[in-house]
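Report on one structure; see the data block that follows.
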Amino acid sequence: MTASLAQIVTPTEGLESGLYQPLYLVLILYVVLFVLGRVLEGRDDARADTVLDAGFALLCLAAVYVAVLAVYALSSQFDLIVDMVEIMAVMIGFFALLVVFLLGVELLVGLPGRRKRKPVAPPPTSDSSED
């Protein structure tokens, strides 16, 4: 009995797919409300704004639910978040060094070519008053 209770209380390794099902239902309901609102708006029905506002309110509720899922994910997967931040820091550092190196090479290789260039004379202009 104790082991099964511990399994229920302890969060799993990942977020369960059942936690995302309300978002799928919200998406389907929003699409229905959006299409219905646009159809009513095309028919100049006064209820179109109400239907579109209900769809927007539904999206606001979904945003709150996504925030709850994010907090749940951060609390249950903290070690993975730390690993992700470390990997991103290494990647950013690598690409920053790569950019500095490539800019340095471009400056070293590009300087001799810039010194030898002669200024280009502007094209001659033709006066139409000479005719």
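The values are calculated or read from the model by the stated rules, or taken from the named source; none is laboratory data. The shown structure was predicted, so the numbers you read here are calculated from the model rather than taken from an experiment. Glycine also receives a Cβ, built like all others from the backbone with ideal geometry; neighbour counts cover every protein chain displayed. The area values use the complete protein model at the heavy-atom level, side chains included, leaving out ligands, DNA and RNA. Shrake-Rupley method; radii C 1.70, N 1.55, O 1.52, S 1.80 Å.
Computed quantities for the displayed model
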item: Only one of V64, V68 that is modelled with pLDDT of 95 or more and part of a helix (DSSP H, G or I); result: V64
item: Extreme residue, nearest to G18 (Cα to Cα), among residues of region 51-74 that are without any contact (Cβ under 8 Å) to a residue 12 or more places away in the chain and open to solvent by 70 Å² or more (accessible area, probe 1.4 Å); result: V68
